[in-house]
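Have a look at the structure below, then the notes.
A short reminder: the numbers here are calculations on the coordinates, not readings from a lab. Owing to the predicted nature of the structure, the values given are computational and were not obtained by experimental measurement. Neighbour counts run over all protein chains shown; Cβ positions are idealised from the backbone, glycine included.
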């Protein structure tokens, strides 16, 4: 099958930015990692993972050897990266920002939220991974604050996208998640981000991250609204697969 690449509409008209969030088709991995798995921490053949990364990079005109990535740990930590970091895994964190062209960023997902931010005035790119822990810890907010601190970005000039990820329709969570959210957020806000379905709490990660961005005054925010669990034929979903699945990439680079 051909590659399935999701791009944010609000970033499509930005000639100096290339980005893509890739579906699970078009790679070389066998089931249950079929086919474009870029997760090295699952039981897929490392040679398949390397080839899948190459396939994604080729689609965006990116050199695989120059990718900058992280060890994703469900944090709210953000790092400024540049050309000196090309080809490296830079640490245990979940967000990266750069203002240097030719520094491709890659993150990996299977239900967690891909967040992409771009400041055209300053020429700054930000990318983040936000699961429930990162969302409760304020990952989206931390990404924008880092852009402001490091590069002088103004929230009103930032465009941000919340990519395909598990939706409130499918994201049933336990009491530990509910408690953590109520400890981190004001009571009224936390209550608005949960709904009860058949006696279970469902968390709206899309709205939680949207509110963090909007609360800082981010100028344009796009929510893909694609649930990876509902569309596990299109995207890897940890929840829908019972944990046995691959990881899909988000790749972005300033040209």
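Could you work out the per residue convex hull volume over the alpha carbons of the chain, in cubic angstrom?
Working: hull volume 28.9 nm³, N = 255.
Looking at the chain, the number lands at 113 Å³ per residue.
Could you work out the helix-only [θ] at 222 nm for the chain, with each DSSP H run of four or more residues adding -39,500 (n - 2.57) and the total divided by the number of residues, to the nearest 500 deg cm²/dmol? Mind showing how you got there, number by number?
Numbers: 6 runs with 61 residues, N = 255.
When only DSSP H runs of four or more count, the value is -7000 deg cm²/dmol.
Could you identify which residue out of 148, 79, 96 has the top mean-square fluctuation in a GNM of the chain using Cα springs shorter than 10 Å?
So, out of 148, 79, 96, the one fluctuating most is 148.
With a 10 Å Cβ neighbour count serving as the proxy for reagent exposure, in which order, fewest first, do 38, 78, 253 appear?
Numbers: 38 31, 78 24, 253 27.
Fewest to most other Cβ atoms nearby, the residues stand as 78, 253, 38.
Which residue fluctuates most in the GNM of the chain (Cα springs below 10 Å): 174, 217, 199?
199
Under the rule a/c < 1.5 gives rounded, and otherwise a/b versus b/c splits prolate from oblate, where does region 46-188 land using the Cα gyration tensor?
Details: a/c = 2.05, a/b = 1.31, b/c = 1.56.
Note, shape of region 46-188 comes out oblate.
Which order do 162, 55, 115 fall in if you start with the one that has the fewest other Cβ atoms within 10 Å? Mind showing how you got there, number by number?
Details: 162 24, 55 19, 115 28.
Listing 162, 55, 115 from fewest to most nearby Cβ atoms yields 55, 162, 115.
Can you tell me the relative contact order of the chain? Whole percent, Cα pairs under 8 Å, sequence separation 6 or more. It would help to have the intermediate numbers written out before the result.
Working: 598 pairs, mean separation 63.8, N = 255.
Reported as a whole number, the value is 25 percent.
Counting DSSP beta bridges with both partners in the chain, what percentage is antiparallel, nearest 5? It would help to have the intermediate numbers written out before the result.
Values: 34 of 45 bridges.
Antiparallel: roughly 75 percent of the beta bridges in the chain.
Contour minus end-to-end for residue 222 and residue 45, with contour as 0.36 nm per residue of separation and end-to-end as the Cα-Cα distance?
Working: separation 177, 0.36 × 177 = 63.72 nm, distance 3.52 nm.
Using 0.36 nm per residue and subtracting the Cα-Cα distance, I get 60.2 nm.
For the pair residue 244/residue 189, report the inter-label distance in nm, with labels modelled 7 Å from Cα in the Cβ direction.
Label-label distance for residue 244 and residue 189, simple model: 4.0 nm.
Take the alpha carbon gyration tensor of region 110-255, find the square roots of its eigenvalues, order them as a ≥ b ≥ c, and report rounded if a/c is under 1.5; if not, report prolate when a/b exceeds b/c, else oblate. Walk me through the numbers on the way to the answer.
Working: a/c = 2.34, a/b = 1.36, b/c = 1.71.
Judged from the Cα gyration tensor, region 110-255 comes out oblate (a/c at least 1.5, b/c at or above a/b).
Based on C-alpha coordinates, I'd like the Rg and Dmax of region 181-255, in Å.
Final numbers for Rg and Dmax: 15.5, 49 Å.
When a/c reaches 1.5 or more, the comparison of a/b and b/c decides; with that in mind, is region 30-74 rounded, prolate or oblate per its Cα gyration tensor?
Note, shape of region 30-74 comes out oblate.
Write down, largest first, the equivalent ellipsoid semi-axes of region 25-130 in whole Å, where each equals the square root of 5 times an eigenvalue of the alpha-carbon gyration tensor.
24, 16, 12
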